[in-house]
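Okay, so here's the structure we're looking at.
The values are calculated or read from the model by the stated rules, or taken from the named source; none is laboratory data. What you see is a predicted model; the values in this text were computed from it and never measured. When we count neighbours, we look across all protein chains shown, and the Cβ atoms used for this are built from the backbone with ideal geometry, even at glycine. SASA here: full protein model, heavy atoms, side chains in, ligands and nucleic acids out. Shrake-Rupley method; radii C 1.70, N 1.55, O 1.52, S 1.80 Å.
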Amino acid sequence: MRQLRGGNRKRIKEHNRILVINHLRLHGPMSRADLARYTELGLSTITYIIDELMDDGLVVETGAGESSGGRKPTMLEFNGSVAAVVGIKIEPTRILFSRMNLLGKIQQKAAAELPPEADSAALNQLLIDNISGLLEGDVNSAPLVGIGIAVSGLVDQAHGKVLYSPILAWDEFDFTPVSRHFDVPVIVENDANTFALAQVWTGMVPHHSSFLGVTVGVGVGLGIVIDGQVFRGEHGGAGEFGHLVIQHEGAPCYCGQRGCLEMYASDHFALSEVKRHIALGVPTILGDSDSLTINDVYEAAEQGDRCAQSIIYKQGQNLGIGLKNLVNLFNPAAIILGGEGIRGGKHLLRGIELELATNFFAKKQQPVQLKVCSTGEDVWLIGTCALVVNQIYRAPIFKPGGLGMNRRLTIFFFLLPSLVGLLLFSIIPIGTSLYLSLTEWDVIGGAPKFHWLKNFRDIIQNEEFPRVLGNTLYFIALYIPLILGASLLVAVLLNNKYPGVGLYRTIYYVPVLTSWVAAALLWKWLLNPRYGAINAILGMAGITGPSWLHSKSWAMPGIVLASVWKDVGYFALIILAGLQGIDTSYYEAAEIDGANWFKKLTRITVPLVTPTLFFVTIISVINSFQLFPQVMVMTEGGPGGATQVFVERIYNYAFRYYKMGYAASYSWILFVFIFAATLIQLQLQKRWVHYES
Amino acid sequence: MSRREQIRRLGFYLFASIIAFFNLMPFFWMVSTSLKARGALLVLPVQWIPSPVSFDAYERLFSLFPFGRAIFNSLFVASATTAIVVLSSSMAAYVFAKIPFRGRDTLFTLFLMTMMIPGQVTMIPNFLVLRYLGLLNSFLGILAPSVFNAFAVFLLRQNMRGIPDALSEAALIDGAGYAAIYVRIIVPLSKPVLSALSVITFMGAWNDYLWPLIVLTDRAKMTLPVGLSLLNTQYGNQYNLLMAGGLISMLPILILYFFAQKHFEQGLSIGGIKG
C-alpha cells in the first residue's frame, strides 16, 4: 500500500498550488476571480500563488478577457512550453516518438522501425537514441520532465515495466535504463488507457465524467475512466475487454480461453472471414487470399464490395455485443472508439449501433453517446503526455517512496523506552545471569571466578536439591487438583442467573486482591495450632487439628490451603469466561435427550471447558514453581527444610549468603524445570483437552 | 417454579454460601484479631468477637513503624509503575501495530521470547545493574525495570491492530504527525484495554513483594508488603498488630475494586498469561 503523508501548513500550500495549476491547465485561460471561484480559495491566496507561478514561468498573462461589467479582467494561462514531455507509442512494427509541451501540443514527431527479435538492451538503446534526437531538435531546449510510453499488454506502472504483451510477444520488459539515462520518470501505461486519458485533453468528453475508451485494430482494448480517473484495478490490469467471452465454446484464443471478443471483433476476424468467404465462392472483388491485408478489406468495402461490407458489419455487431455488456456494467456517459480498426467506417458503426440500441438503460436514459476519435495516431501521444503531466501535478497526498527521516525518528522515539528496558533489564541480565551461573562470586570480594558447570554439579549433588524439588512437586500434587476442582465448582456456581450471583462473585474475588504478604500473615495466624481459627473450628467438630506450620508433614498442606484460598477466585473467573463461551444449544439438545444436571456437567461442560482448564493448569504449574511469598512469610522454608522451594532458595543464596553465581545457576535450573513442565503439558494436552473443531 | 427447579435453587444458595463462608471467615478473623488487646490473643477458648474491643493495635502500628509513610510509598510506587508501564508499552505497541519498518517482526519476536524467561533469572543481574547504576534503595531503582514489559506490549499491540488504519490515514491527511495520531486516536481508542492493563499493573505493583524486598533496605522507603514482612520478623507473635497492618494494606485495593470491578476482572483474566 502506498504511504499517505501527513499534512501541515507547507503541504497545504503545495496542495493549493497544484490545485491552481491543474485548474489553469485543464480549464484555462481564466481570470484570477474565476480561479478563486472555482477552486474556492481566497482571492489573496490566488494572487499570491499566481505571483509565484508567474515568477516560475508556469503561468502567463494573455491579455484582457470579456468583461461582465467594469474593468476587463486579465486572463491567465498555463504556460505549457515551460517544459517538455516525450511520448512514445510502441506498435507491433514501429515506434512513434514525439516531443510535446505540458499541454499535449505535439512539437516534433518521429518514427522508428521496431526491429523484430531485438533484445531489451538494444531496444532501450533505440529508445534513448531517438529521444535524444527529439530533444536536440528543440530550439527552446525546454527541460524534459518525463517520458510516457503507451504499449499494449499488462504493465507494472510502479516499476516502469511491461509484464506481458502478447501482441509484441514481450515478457518482462524493463524501461528503467531509459529513465536512468535521462534522469526523469518513465511512466508506462497500457495503450487503451492512454487512449482514454487523451480524450479528456482533446475535448471529446468533459472532465470528471465516466466514459469508456475502446480501441479496435490488431487487438481490442479498453480504458475505463471513472469520475475522470483511469480505473486500473488492483494490479493494474483492468480493462482486458478483448478477452471478454462472447461465444460459448467459440474460437480458441491465444490467451487460453475460447470465444474471446478479440477473436470476433479485431482485424483477425475480418481477415479470416474474408478468406472463408472466398473459399466458399462468395462473389467479391477481393482475390488471392494469401497476401490479403486488412487494408485491402477496407478498400474493397469502400468500393462497394458487399462481401467485405457485410463482414465489417458483422464485426461491428460482435463488438457491439461486447460494448453493450460494458454499458450495462458501467453506465458510461460516452464510448469513444479509436484505433486502426475504425477505418471500417460506417459499416462497422452501423453494426455497433444496432447492438447498442438495446441495453438495460435504453428505455429510461439518453442513449449512450458513441463517438469516433478522429485525432488519428496523435491521440496515443497526447495520452502519454497526459500520463506524465497528471503524474507531475497529481495531488501531493502520497509520500515519496522510502522511509522518511521523520518516520525513522518517530519509530526510534516511540520504541526507545522499551528498547532501553529490553537491553538493560532483559538482554544484558539474561546474558549476565548465564555468565554468573558459571562462576563463583560473592559480590564484595573481587571479580567472579569462572569455574564452568561446577555450580550446577554442586546444586544437583547437594542433599538439599532433592528436598527442594520434592517439596515443589508435593505442592503441585496437592495444589493443582484442589485449585482446579475448587475453581471449576465456583465457576459452575457463578454461571447461574440467580439473584445475588454478582454479590457472591465479588466476595469470592476479595482474596485475589489481597497482597500475598497480608494473606500469608493472616494464614499463619489462622493456622496457629493452639489459638488459630482453623483448629478452633476443627475442635468444634471434635477433631484435634494438626500443628500445621510447625509440623514437617503439615506445613506444606497449610501453605497449599492458603494458596487455594487466595487463588480460587482468580481461576474461577477465567473458567467462568470459558463456560460462558459454551454454545447453549448443546444443553438444549441434552435436555431433550433427558440428561440430568450431572450428566450435563460431566458430558458437556467439563469436556468443552477443557481448553480453559488446560490454560489454567499451565499457569498454575508455572506459578507453583515460582512459589515464594507464602513460604517466605509463613515458614521461611521450615520446619527443617520441609517447605524449602526454588525461589526461596534463590533469594536466600543471592541476598542472604551472597552466593550470586550459585543462585544464578539455581535460577537457570528453575527455568529448565518450568520449560520442561510446560512442554510436557503441551504434549499431554492431546490426551485430555477437547478442542471444538 | 417446578419442585426440581426449587431444589436446584436451594442447592445453589447453599453451596455458594458455604464457599462464601470459607472465603470470608479468614477476613472476619483478621478484623476480629486486629481489634483485640494483646492479652486477648492467647486466650482459650478462642474469642471470635473481641471483648473488649481495643484499637490498641492500630495506634501502636503507626508508632512502631512509619506505616503512614509505607502507605504513601506503596501508592507512589504503584502509581508510578502503572504510568511507566502504560506509557512505555503503549508507545512501543503503537509502532509494532501500526508503523511498518524493516526488522519489526524480528524485534517483536525478541520481545515475546523474553517472556519465556522467568523473573527469577533476571532478578539477580537486575539487582547488579541497579547496584552498578547506584540505584539501590531508591524508588527509581524499583521503577526502572518496568520500562520494559513485553507482556504489556504484546497485549496492547494485539488490541491496537484492531483499530482501522483508515482513522490514522484520515488524521495524516488532516496534518497529524505520528505523535498526534498516537495521542488523539490510538490512545483514546485503546482505553478499555489500557484501563484493564492499568488496573492489573497497579495491583501487581501494590502487592509486589520480592523485588522491593531486594531493592529497598531503608525503612523510610519500604512499601507496605515489605513493611509488613519486617513487622512479621520483629513482632511475629503480636497478631493484632499484624492483622491491623494487613487490613490497612488491603483497603486501597478494595476501594479501587468496588469502583472499577469490571476493569479488575477483565484485566486479571487477560493478565492470566502473565503468570
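So the values come out like this:
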quantity	calculated
Residue within the stretch A:261-279 that is of a type in the set (S, T, N, Q) and either closer than 19 Å to A:I352 by Cβ or open to solvent by 60 Å² or more (accessible area, probe 1.4 Å) (or both) present	yes
Looking only at the stretch B:149-158, and only at residues there that are more than 8 Å from chain A (Cβ to nearest Cβ) and aliphatic (A, V, I, L, M), the one that is surrounded by the fewest Cβ atoms within 10 Å (Cβ to Cβ)	B:L155
Positions within the stretch B:1-46 being in a helix (DSSP H, G or I), of a type in the set (S, T, N, Q) and either within 7 Å of another protein chain (Cβ to nearest Cβ) or within 20 Å of A:F598 (Cα to Cα) (or both), in sequence order	B:Q6, B:N23, B:T33
Test: residue in the stretch B:93-104 that is modelled with pLDDT of 85 or more, within 13 Å of chain A (Cβ to nearest Cβ), open to solvent by 50 Å² or more (accessible area, probe 1.4 Å) and assigned to a helix (DSSP H, G or I)	no
Residue check, A:T194 in contact with a helix residue (DSSP H, G or I) (Cβ under 7 Å, 6 or more places away or on another chain) and not assigned by TED's automatic domain parsing to the domain that holds A:V145	no
Test: residue in the stretch B:240-254 that is of a type outside the set (S, T, N, Q) and closer than 25 Å to A:N652 by Cα	yes
Count - residues of the stretch B:134-165 that are on the phi > 0 side of the Ramachandran plot and assigned to a helix (DSSP H, G or I)	0
Tally, over the stretch B:189-208, of residues that are open to solvent by 30 Å² or more (accessible area, probe 1.4 Å) and more than 15 Å from B:A97 (Cβ to Cβ)	7
Failed criterion for A:W441 (all others in (1) touching a residue at least 12 places away in the same chain (Cβ under 8 Å); (2) over 17 Å from A:A677 (Cβ atoms); (3) in the same structural domain as A:K659 (by TED's automatic domain parsing) hold)	(3)
Filter result for A:F414 (within 8 Å of chain B (Cβ to nearest Cβ), modelled with pLDDT of 90 or more and open to solvent by less than 20 Å² (accessible area, probe 1.4 Å))	yes
Tally, over the stretch A:485-507, of residues that are in contact with a helix residue (DSSP H, G or I) (Cβ under 8 Å, 6 or more places away or on another chain), part of a helix (DSSP H, G or I) and under 12 Å from A:I575 (Cβ atoms)	9
Single unsatisfied condition, B:T217 versus (1) at pLDDT below 85; (2) in a helix (DSSP H, G or I)	(2)
Test result for A:P143, within 20 Å of A:I382 (Cα to Cα), exposed (fewer than 12 other Cβ atoms within 10 Å of the Cβ) and either not assigned by TED's automatic domain parsing to the domain that holds A:Q391 or not aliphatic (A, V, I, L, M) (or both)	yes
Restricting the stretch B:163-217 to residues that are of a type in the set (A, V, I, L, M, F, W, C) and without any contact (Cβ under 8 Å) to a residue 12 or more places away in the chain, the residue that is farthest from B:I255 (Cα to Cα)	B:I173
Hits in the stretch A:93-111 (condition: of a type in the set (A, V, I, L, M, F, W, C), within 25 Å of A:V60 (Cα to Cα) and open to solvent by less than 40 Å² (accessible area, probe 1.4 Å))	A:M100, A:L102
Count of residues meeting criterion [more than 8 Å from chain A (Cβ to nearest Cβ), assigned to a helix (DSSP H, G or I) and under 14 Å from B:A196 (Cα atoms)] in the stretch B:242-264	4
Check on B:L231, touching a helix residue (DSSP H, G or I) at 6+ places or on another chain (Cβ under 8 Å) and free of Cβ contacts under 8 Å to residues at least 60 places away in the same chain	no
Single residue of A:I312, A:I336 found to be over 44 Å from the mean Cα position of the chain (by Cα) and among the β-branched types (V, I, T)	A:I312
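Here is a yes/no grid of residues against (1) of a type in the set (K, R); (2) more than 11 Å from every other protein chain (Cβ to nearest Cβ); (3) open to solvent by 20 Å² or more (accessible area, probe 1.4 Å); (4) more than 22 Å from B:L216 (Cβ to Cβ):
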position: B:T82; (1), (2), (3), (4): no, yes, no, no
position: B:V121; (1), (2), (3), (4): no, no, no, no
position: B:R131; (1), (2), (3), (4): yes, no, yes, no
position: B:F139; (1), (2), (3), (4): no, yes, yes, no
position: B:V147; (1), (2), (3), (4): no, no, yes, no
position: B:M160; (1), (2), (3), (4): no, yes, no, yes
